[in-house]
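Please read the structure below before turning to the comments.
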Amino acid sequence: MTSTGLDLTGITLTYPDGAGRLTALDGVGLAVPAGTITAVVGPSGSGKSSLLAVAATLITPDSGRVVIAGTDTHGLSRGDLTALRRTTIGIVFQQPNLLPSLTAAEQLQVMAHLDGRSPARARARALETLDAVGLADQAHRRPHQLSGGQRQRVTIARALMNDPAVLLVDEPTSALDHDRGAAVLDLIATLTRQKATATVLVTHDRALLTTVDTITEVRDGRLTTPARRSEG
Amino acid sequence: MFVAWRDLRFAKGRFALMGTVIMMITVLVGLLSGLTAGLGRENTSAITGLPADHLAFSADGRGISFTDSRIDRGTWTKWARVPGVTSARPLGIAMTKAQAGSATAALSAFGVQRGSGLGPASGDLGKGTVIMSTKAADALKVKAGDALTLNGHKVTVAAVRGAAMYSHTPVVWTSLDDWQRLGASPEDGEQATVVALSTTSAADLPAADRTLNTRTVSSGDAVRAIGSFTAENGSLQLMRGFLFAISALVIGAFFTVWTIQRSGDVAVLKALGASTGYLLRDALGQALILLVLGTGTGALIAACLGAAVSGGAIPFVLDAGTVLVPMAVMIALGALGAALSVRRITSVDPLTALGSAR
């Protein structure tokens with residue numbers, strides 16, 4: 001039996017919209033076991049990014065429970081949530097969002113530095129993680145010296161640097177061609193199994209979803225019942 | 001400081017430009033500080049060097065002034081009897097014209113009683129003899145034993161001692177009797193400009209002032225009674241103040257733009273789990289490194305330039321007060337400007353990192 005890495009229950013999220021409020025998520029529930037990938041698909045504006053932001057503890061829902069690797073985030077202080085993101089959640093942004101002044105290895109080392117770990121061990125761990133995404137020989141390069149696919153791989157490695165229980169991936173292929181996009185998704189699937197992370201993959205490109213375990217669609221702030229990919 | 005160090009190396013052009021600006025302002029402040037202190041010394045060293053803790057001026061209701069103050073013998077005699085006053089010595093100050101051969105110079109004549117200790121080697125002073133400060137002797141090209149005239153009165157140089165200056169003119173020490181003859185009318189009686197007081201804590205100076213119709217200030221505060229010093233020092237200090245304010249504003253503006261430029265990076269770091277405190281320490285540490293390097297280089301250049309000119313014709317004081325203090329003030333004000341700028345880090349929303357393309 002696999003443990004649940006991410007558990008969202010009854011999540012409702014609204015935003016101010018003129019005199020009223022716009023419902024972005026309407027009673028959403030999503031459970032992602034460790035070592036599996038759940039793909040969240042849907043059209044633009046359907047609530048995919050809001051769902052990811054709630055799961056990343058970047059935004060607090062109006063109601064519902066967010067449990068990350070067994071920790072209920074309700075009532076946690078801003079500092080506690082920041083620490084939770086640092087230690088338990090890995091985020092792969094839609095765009096690589098790498099820091100321009102850091103080399104590929106340093107993009108990962110900064111995660112260890114945020115966590116107060118020793119620089120020497122952080123360096124070794126960063127090189128090991130870069131090796132896992134096939135970039136061991138690019139460790140000294142800065143973002144502008146890497147291709148789009150390489151930058152996205154660095155972002156994935158950075159997200160995995162602190163061994164997160166939950167990996168949140170936001171449109172990782174939006175800036176890549178089909179082949180590179182497929183390679184990135186294969187990599188995410190492989191690492192999810194290797195590291196036993198509970199991975200949520202937000203995407204609009206169903207054609208690439210050959211490696212995920214579950215596909216769920218979000219439409220007007222509501223999720224369809226998750227379906228096993230083989231069933232879908 | 002993990003990101004800050006790497007930003008400094010990566011954006012070295014921008015930081016070098018800003019560091020150069022800080023360095024140049026520091027050089028300017030350092031040179032101005034040295035010049036202000038040098039000019040101040042040429043204005044006041046004869047007063048600040050007096051072996052007295054207070055000076056009593058005549059009270060005329062217009063504030064203290066060496067030009068206007070007149071003290072008669074009765075007043076300094078009574079000051080000597082005030083409880084807590086260990087000595088009350090008359091001091092006459094007047095501008096005079098000196099001539100030795102073909103050389104002429106404007107000097108400040110300081111009249112003191114023989115053996116009073118107010119001037120250097122005052123025991124050597126007698127009727128018709130003077131003690132010249134080094135600059136006064138150099139200006140007139142005289143040495144001990146030579147003759148010169150002060151306002152047409154012939155005197156002999158008893159000794160050349162010290163470097164006292166008053167109101168930008170070298171000092172010549174005369175006996176109080178000779179000083180009377182330099183300017184005061186005979187019918188004015190025996191007079192001096194101020195009374196130099198040495199006191200203990202038991203002295204009730206305000207009460208004595210009321211009784212003797214004088215106004216007593218500390219020797220340090222007495223420099224305000226030199227008209228040229230107040231105007232000159234005030235102008236220079238105003239310039240220094242403006243330079244400090246400009247440097248704080250320039251540094252604040254630089255870090256405001258820099259923080260706005262990297263707000264995307266800040267949002268990403270926050271989303272990845274960096275605390276606001278971590279990011280503020282990183283940004284402020286970066287500002288401090290820039291400030292210390294910029295002001296340190298500037299202070300070093302100012303010190304070298306100051307060392308090159310001090311001792312020559314330009315009045316310049318090179319010490320910790322004119323080099324390290326401006327540097328410390330620059331760092332403190334620059335850090336304040338940077339702190340006000342980088343505090344916008346606290347308002348960066350990590351949510352913007354999701355979906356942001358940079």
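Within a 10 angstrom radius of the beta carbon, how do A:173, B:256 rank from fewest other beta carbons to most? Walk me through the numbers before you get to the answer.
On the way: A:173 24, B:256 16.
Lowest count first: B:256, A:173.
I'd like the distance between the alpha-carbon centres of the range A:161-185 and the range B:305-358, rounded to an integer number of Å.
Between the Cα centre of the range A:161-185 and that of the range B:305-358, the gap is 43 Å.
Tell me, how many Å apart are the Cα centres for the range B:216-253 and for the range B:119-185?
The two parts, judged by their Cα centres, are 32 Å apart.
If amide hydrogens are placed 1.01 Å from N in the peptide plane, which non-local residues have theirs closer than 5 Å to the one on residue B:216?
Under 5 Å from the amide H of residue B:216: B:57.
Running a GNM on chain B with Cα contacts under 10 Å, which residue among B:99, B:261, B:180 ends up with the highest mean-square fluctuation?
Answer for the Gaussian network model of chain B: B:261.
Decide, for the protein assembly as shown, between rounded, prolate and oblate: order the square roots of the alpha carbon gyration tensor eigenvalues as a ≥ b ≥ c, take rounded if a/c falls under 1.5, and otherwise choose prolate if a/b is larger than b/c, else oblate. It would help to have the intermediate numbers written out before the result.
Working: a/c = 4.91, a/b = 3.35, b/c = 1.47.
Verdict is prolate for the protein assembly as shown.
Would the range B:175-238 count as rounded, prolate or oblate if I go by the C-alpha gyration tensor, calling it rounded below 1.5 in a/c and otherwise prolate when a/b exceeds b/c, oblate otherwise?
Numbers: a/c = 2.38, a/b = 1.13, b/c = 2.10.
Oblate, because a/c is 1.5 or more while a/b does not exceed b/c.
Counting only residues 5 or more places away or on other chains, whose amide H sits under 5 Å from the amide H of residue A:198 once H atoms are built in the peptide plane?
Correct list: A:35, A:166, A:167.
Can you give me the angle between helix A:119-132 and the longest principal axis of chain A, using Cα atoms only, in degrees from 0 to 90, rounded to the nearest 10?
On a 0 to 90 degree scale, this one is about 70.
Most fluctuating residue of B:344, B:114, B:70 in a GNM of chain B with Cα springs under 10 Å: which is it?
B:344
Report the residue, chosen from B:323, B:29, B:266, that carries the largest GNM mean-square fluctuation when chain B is represented by alpha-carbon nodes joined by springs under 10 Å.
B:266
Would you mind ranking B:95, B:23 by Cβ crowding within 10 Å, fewest neighbours first?
Exposure proxy ranking, most exposed first: B:95, B:23.
As a test, work out the antiparallel percent of DSSP beta bridges whose residues both lie in the range A:4-228, rounded to the nearest 5.
Roughly 50 percent of the DSSP beta bridges within the range A:4-228 come out antiparallel.
Would you compute, from DSSP H runs of 4+ residues alone, the mean residue ellipticity of chain A at 222 nm, taking -39500 (n - 2.57) per run and dividing by the full residue count, rounded to the nearest 500?
That comes out to -10000 deg cm²/dmol.
Would you be so kind as to identify all helices of chain B, as entire DSSP H runs, whose Cα atoms reach 18 Å or more along the helix's own axis and whose mean Kyte-Doolittle hydropathy is at least 1.6?
Those that pass (Cα extent of 18 Å or more, hydropathy at least 1.6) are B:320-342.
Sort A:32, A:54 so the one with the fewest other Cβ atoms within 10 Å of its own Cβ comes first.
Final ranking by Cβ density, sparse to dense: A:54, A:32.
Could you work out the mean projected area of the convex hull around the alpha carbons of chain B, in square nanometres to one decimal?
Values: hull surface 93.6 nm².
So the Cα hull casts an average projection of 23.4 nm².
What is the antiparallel percent of DSSP beta bridges lying wholly in the protein assembly as shown, to the nearest 5?
65 percent
Quantify how strongly other chains surround peptide A:88-96 by giving the mean number of their Cβ atoms within 10 Å of each of its Cβ atoms. Mind dumping the intermediate values first?
Numbers: counts 1, 3, 2, 7, 0, 9, 5, 8, 3.
Neighbouring Cβ atoms belonging to other protein chains average 4 per residue here.
Can you tell me the mean projection area, over all orientations, of the convex hull of the range A:4-228's alpha carbons? Units nm², please.
If you wrap the Cα atoms of the range A:4-228 in a convex hull and average its projections, you get 12.4 nm².
Counting each DSSP H run of 4 or more residues in chain B as -39500 (n - 2.57), what helix-only mean residue ellipticity at 222 nm follows after dividing by all residues, to the nearest 500 deg cm²/dmol?
-17000 deg cm²/dmol
What percent do you get for the relative contact order of the range A:79-225 when only Cα pairs under 8 Å and 6+ apart count?
Here the relative contact order equals 27 percent.
Just so you know, all these numbers are worked out from the coordinates, no wet-lab data involved. Since this is a predicted model, take the numbers as computed values, not measurements. Here Cβ is always computed from backbone atoms with ideal geometry, including for glycine, and neighbour counts include all displayed protein chains.
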